[in-house]
1. Calculated FRET efficiency, ASP273 and ASP35, Cβ-Cβ r, R0 56 Å, to nearest 0.05?
2. Give the calculated FRET efficiency between GLN177 and ASN467 to the nearest 0.05, with a Förster radius of 51 Å applied to their Cβ-Cβ distance.
3. Taking a ≥ b ≥ c as the square roots of the Cα gyration tensor eigenvalues, with a/c under 1.5 meaning rounded and otherwise prolate when a/b beats b/c, else oblate, which class fits segment 109-157?
4. Assuming 0.36 nm per residue, please report the length gained on full extension of the stretch ARG364 to GLN189 beyond their Cα-Cα distance.
5. Over segment 401-512, with every protein chain in place, what whole percent of the accessible area is carbon and sulfur at 1.4 Å, could you tell me?
6. Is the shape of the chain rounded, prolate or oblate, going by the alpha carbon gyration tensor and its root eigenvalues a ≥ b ≥ c, with a/c under 1.5 for rounded and a/b larger than b/c for prolate?
7. Between ARG299 and ASP166, take the C-beta separation as r, use R0 = 60 Å, and let me know the FRET efficiency to the nearest 0.05.
8. Could you tell me the distance between the Cα centroids of segment 449-463 and segment 210-262, to the nearest Å?
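The values are calculated or read from the model by the stated rules, or taken from the named source; none is laboratory data. Fair warning: this is a prediction, and the values are worked out from it, not measured in the lab. Positions of Cβ are backbone-derived with ideal geometry, glycine not excepted, and every protein chain shown enters the neighbour counts. SASA here: full protein model, heavy atoms, side chains in, ligands and nucleic acids out. Shrake-Rupley method; radii C 1.70, N 1.55, O 1.52, S 1.80 Å.
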Amino acid sequence: MNGAESLVHTLLASGVDTCFSNPGTSEMHFVAALDRVPGMRCVLGLFEGVVTGAADGYYRMAEKPAATLLHCGPGLANGLANLHNARRAQSGVVNIVGDQATYHRPYDAPLTADTEGWARPVSSWVRTAMRAATVGADAAVAVQAARTSPGQIATLILPADTAWTDGGEPGGALPVQPAPHVAPNIVQQIARVLRSGEPALLLLGGTALRAGALSSAHRIAAATGARLMAAGSNARVERGRGRVPIDRVPYPVDQAVKALAGIKHLILVGAVDPVGFFAYPGKPGRLAPPDAAVHVLSRAEHDHAEALAHLCDMLGAPAAALPEVARPAGPARGAPTPEAIAQTVAALLPEQAIVVDEAVTTGRGFFPATHGAAPHDWLALCGGAIGEGIPLAVGAAIGAPGRRVVALQADGSGMYTVQGLWTQARERLDVTTVVFANRKYQILLGELANVGANPGRTALDMLDLGNPNLDWVRLSQGMGVEAARAETCEQLADLLAQSFTRKGPFVIELVI
Ligand SMILES: Cc1ncc(C[n+]2csc(CCOP(=O)(O)OP(=O)(O)O)c2C)c(N)n1
C-alpha cells in the first residue's frame, strides 16, 4: 500500500466519504488510489474556489467534513477566499494539498511555493506529511481537527513522494471531543441578568439558529421580555412556518444601530459582539449601544442548544406560542421588485428547501418576507468574500440529497465562480438558481455614497456590468445547465414551479 492509498483508507475510516477536487500532477497517485479504494464520492470543480466553497456548503448540511483535493500552493491559493468564508461559517473542511516531492523542493521548480504559508491564515491545523508511513496517521489527525467543535479547517500537505512510496499505513478514526458544556454558574449569571427586567437581547449565531435551540430561545424571550436576534450572516438558519421567526442584525450601519438601540444587556449565544462590515466616516464600528453590558452565554465551540435548554429550565420558562407570521400571499405579479421577488419565492418554496443566499442588494429584505414560507434552511455568505453562492449550492445539494436547493444569486457575485454550474450539471444536482441580473455592482453604488466619495464616469464604469450584458441563459447552457430568462414575476413563478418538478439544475436569469 502506498501513502495515497493509506490516505483514502484513513479518510473513509474517519467518515470522510466526499472529496471535492481539482487535481494536478502531484495528486495523480491520490487520484489513482481512488480507483483502487472504493467508497469515496469524487466531485470535480473547474476552479478551486468552487471546490472549497462546495466543501463549506457540504459541511453546513451534512454536519461532517468533506475533503478537498488541491494542487500545490497556487491551487490552494485559488481556493483561499472560500476557505475564508468557510472559516467564518465555522465549517469543518479537510484540505489535501499535493505538493512537490520532498527531494524536488530544493530545485525551486515553477509550482514550488510557501504552501504552508498560504494555508495557515485560513486553517486551524496545518501539517506537511514527510513520509508515506505517516500519511495515514496524519490524515486521521486532520479529520479529528476538522471535526472539532464548531468545525475547523485542517490542511494536510502531501509531497508527491509521500503519496507514491510504499509503506502506507491506514490510520483509524480518532475520537472527537463533543462540543463543551457551558458551566452552570454561567447559565445562572445569565438567568440573573434576564430576571433583572432590564432591556436585554439574546443574539444568536452558529448552531443556536437550529430549530431546537431557537425554540428554547423563544421560550426564554417570552418568559423574560428579552428580544431575540440573529447575527448578520449565518451559516444555517432553520426557519419557515412553524419555526421561530427571527430577524438578523441589518447590514447598513444606521439600521443596525437602530435595531439594537435601547439594549442594556447584550447576551451572546454563539455570536460575537456585532460590528459594521466596514468603517464609515462618522459612524460607529460597534453596533450595540456603547453603554450596553456584553454577556457571553456560549462561545462558538459550545453546545448552544444545551445551554439554552438549561437557561430555559433555570428560568422555568414555559412553552410559548409562536408569533403570527403572514403566510405568503401567493406569487406576485408584474415587475420583479425585491418585495415582489421575495413574495414569489416565499409562496413557491418547496418543503425542506435549502436556500443559498448570495442575493446581495436584491435580497436585503428577503428574510422577513420568507418567515411564513414552507420550512427550509437558509445558508448565507459568512465571510463577505463574494463568489460563494454557486459553490455553496453544489455542496449543500450533495450534503443533503433529496432536498431542493434554491440559490438566490446576485449576478456580479455569481461570475466569480460561475463554472460551478458545470459541476451542478455533471452531478445532476437539484439546484434552482435565480440570477438577479441588475447588471451592476449595485451595492457598491450605495457604498460610494456611504464613504462620502463623489463618483465620476470612471468610478461608475467600475461598478457597471453592462456593455456587454452577460447572457446567463447562454452561459448556463454552455455548461450543460438548462436555463431561461424572466422579466416579470409571473414568468419567474412559472419557471420556479417548473424547475421544482424536475430533476437536475436550472438557472433563471431574472432581469431587474
Ligand atoms: C472576493 C471579493 N471581491 C470583491 C468584493 C467587493 N464587492 C462587494 S459587493 C461587490 C459587488 C456585488 O455585486 P453583485 O453581486 O452584482 O450584487 P448587487 O450589489 O448588484 O446586488 C463587490 C465587487 C468582495 N466583497 N469580495
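1. With R0 = 56 Å, the Cβ-Cβ based efficiency is 0.65.
2. Computed FRET efficiency for GLN177 and ASN467: 0.40.
3. Judged from the Cα gyration tensor, segment 109-157 comes out oblate (a/c at least 1.5, b/c at or above a/b).
4. Taking ARG364 through GLN189 to full extension adds about 59.4 nm, to one decimal.
5. 51
6. Oblate, since a/c reaches 1.5 and b/c is not below a/b.
7. Approximately 0.85, to the nearest 0.05.
8. About 35 Å separates the Cα centre of segment 449-463 from the one of segment 210-262.
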